[in-house]
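Asks: Structure provided below as structure tokens; questions to follow.
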Amino acid sequence: MLKILSIILIINFIFAKEIPLSLSSEVSNETAASVLHPLKIEEMGYNLAAKKITDAVIDDSGEVHILIDGQYERHGHIWLYLRYDKDGNRLFKKEIYSGNYLTNLHNFLVSRVLINPDMTALVFYPDSEFYTCWVKLDQSGNIIERNESSGWRGDANFRVCSAGQDSFHIVTFPLGFWNKLIKQYDPDIGEYYLEVKPSIVPELYYSNNFTLKGKRIHIRRPFSNLNVPRIIPLPDKKIFCFFNHGKYGRSWIMDSSGKCYDAEVVVKDNLDEICFAKVKVDTIVERFPIDMSMHTLEHIVDWSNLDLALDNEVCISVFWKGALYFVKYDLNGKITQLGEGLGKLVEISEMDKERVSPFIAQIGKKILYWGFDDLGNFFLQIY
């Protein structure tokens, strides 16, 4: 059975990915909103309205999957799943779960989406008790399975990647304050949580639902950080991990038992020497009415993304000092092909869709649709 899943996963890598030439205006209208912060803890959830993208995926057929964390006055949080076809038409909008997450650190909460080889979707989310749960949906948006885990509590922030049909890797960042929450009751809104003396414990854990079956493996230094790493699947049930931190980025490879293997570190001040390609985007972004400095843009927008190229090399994009850099790794964690990319910013319609890795990011009320191909060309569209 494991061999069959491995074959499915490798085939999934090989298939060419279709990409939409543009996103629907509905993507921006329905998902982009400023995330507001309350002045007092006691006001949290009562006078707050917020909405943000927590995950966005473009599958191999070009369909766009977006997860929304919505919070609105006196009604707690609601996790929403939106799906668009490759022409930008919305196929459905599905409520996954709603609950009263009324704490002032709600912005740590995330939901994630995986697309199975059979094109069903797994959507991961925290429930009202802060356990990591997931649902399985068919291509029409119907929930066909719900898994309410009792093993992963406090995984406020996490990332997942596929290990084959209905199988996944998960790297979690449990936060120490979850065990200090006191449940309260309000006659109008029901149960909510009052936070007491929050403390953040910077620890990472790895698990999966096949080899480890939910058992956590502590990721120790130097493979630990305040950020949850980006992860992508590799052959042989391994994953490639990368996190951004200040002036460097750390990469490593991890097997399904949680054993870590070091990879070359990206020193961002040396990106011009080690990158495969580079393109300046700061002047392009400045033409759009985004009320943020480039410094803020660089640290808030997570431009870092991973993909596995057709030549079985790991591709990493990094935004640094007004430019997008494209770095390539081999499967042993070594940086390769220094300076060999084209480094051009082109229209998406000019790119070979079979070679493009597209991504979605959010800045305030703007949606950035961007990506690169394995030749080092980039595209960038802002909605």
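Here, each number is a calculation from the coordinates, and none is a lab measurement. Predicted model, so just to flag it, every value in this text is computed and none were measured.
Asks: Once amide H atoms are built 1.01 Å from N in the peptide plane, which residues 5 or more positions from N225, or in another chain, come under 5 Å H to H?
Replies: It is L204, by chain and number.
Asks: Any of K52/K268; K259/K334; K51/K366; K238/K328; K247/K278 with alpha carbons more than 21 Å apart? Name them for me.
Replies: Details: K52/K268 28 Å; K259/K334 18 Å; K51/K366 12 Å; K238/K328 18 Å; K247/K278 17 Å.
Pairs exceeding the cut-off: K52/K268.
Asks: Something else now. State the extension gain, in nm to one decimal, for the chain segment bounded by K215 and K321, taking 0.36 nm per residue of separation less the distance between their alpha-carbons.
Replies: Working: separation 106, 0.36 × 106 = 38.16 nm, distance 4.00 nm.
Taking 0.36 nm per residue and subtracting the Cα distance, the gain is 34.2 nm.
Asks: Could you list which residues have their amide H under 5 Å from that of D186, counting only those 5 or more apart in sequence or on another chain, with H placed in the peptide plane?
Replies: Sorted by chain and number, the residues that satisfy this are E191, Y192.
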